[in-house]
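Nothing in this text is a laboratory measurement; each read-out follows from the coordinates by a stated rule. Everything numeric here is computed off the predicted structure, so don't read it as measured data. With ideal geometry, Cβ positions are generated from the backbone for all residues, glycine too; neighbour counts draw on all protein chains shown.
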Amino acid sequence: ISIQNLSKVFRTEEVETAALNQIALQINEGDFISVMGPSGCGKSTLLNIIGLLDGITSGSYKLLGQEINGLKENEKAKLRKQQIGFIFQNFNLIDELSVYDNIELPLIYNNVGSAERKKRVEAIAERLSLSHRLKHYPQQLSGGQQQRVAVARALITNPKIILADEPTGNLDSRNGNEVMELLTDLHANGATIMMVTHSDYDASFSQRTIHMKDGVILSEKQNARNVDVL
Ligand code: ADP
Ligand code: ADP
């Protein structure tokens, strides 16, 4: 992920908001980076741009060597569904679908055949201790279990990049820890992770933390924790 001079302005009829102002950011393959800063400073906007959910106003964003500005919507959608897994604070599960169907959904979007889908859903459910929950619906699960389902859904396509927007924001400390350990494990297995968080503790699991304010990156620090200490 290579970002240069990136600005994002939201225009509505009445107001113009400069959400990001000339950002520069480099995220290498295998990095685990956290983003902190007060509400409204542009964290989610940055995450959404990196995740190809949102376009930029000016500047440059290159993902996997490709300049994103200029790609057509369907090309962006293809990159997004093949390379990026999202984890949200509110889990964003579909309440009307079972755990199994929620996890399977990205594979359907990626036109994976049904036998292969079944194999992969069962494998990831096993890995995340959800095998006995596959027939349940999201509302029947605890918050921690719901977030594990969301993580399973994010991982089912083997994305190169995982984008997490306050993944522990709605969890108690035990379930929050579980999610952080899961992210640490994914990172140790080669995933590139960017996580927005308000928690210094959660940020300490990442390698680098950037602090934002009013649409700019104020500072960046390296974190002491590494996989060996865990
Ligand atoms: P954070 O994630 O750090 O809380 P956001 O990235 O959500 O901040 O928002 C940055 C700024 O952009 C805020 O001033 C917010 O009100 C504005 N903003 C975000 N999304 C939109 C939108 N879709 N339309 C208009 N303004 C927006
Ligand atoms: P936590 O203590 O993590 O918040 P809960 O008290 O929500 O967990 O749930 C405790 C256990 O009961 C969990 O394993 C959860 O899956 C199960 N559970 C909670 N509500 C229901 C329900 N409506 N139907 C089936 N199982 C449920």
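Below are the figures for this structure:
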item	result
Enumerated strands (runs of 3 or more DSSP E) restricted to region 165-229, each holding at least 2 residues that are surrounded by 19 or more Cβ atoms within 10 Å (Cβ to Cβ) and over 14 Å from the mean Cα position of the chain (by Cα)	208-213
Region 131-142 - residue that is surrounded by 15 or more Cβ atoms within 10 Å (Cβ to Cβ) and under 21 Å from GLY176 (Cβ atoms) and, of those, nearest to ligand 1 (Cβ to nearest atom)	PRO138
THR157 over 18 Å from GLN26 (Cβ atoms) and within 15 Å of the chain's Cα centre (by Cα)	yes
Residues (closer than 22 Å to GLU104 by Cα and free of Cβ contacts under 8 Å to residues at least 60 places away in the same chain) located in region 157-178	ASN158
Residue check for SER60: among the polar types (S, T, N, Q) and assigned to a strand (DSSP E or B)	yes
Single condition ASN158 does not satisfy, out of (1) surrounded by fewer than 17 Cβ atoms within 10 Å (Cβ to Cβ); (2) of a type outside the set (A, V, I, L, M); (3) touching a Lys or Arg at 6+ places or on another chain (Cβ under 6 Å)	(3)
Only one of SER114, SER142, SER131 that is within 11 Å of ligand 2 (Cβ to nearest atom) and of a type in the set (Gly, Ala, Ser)	SER142
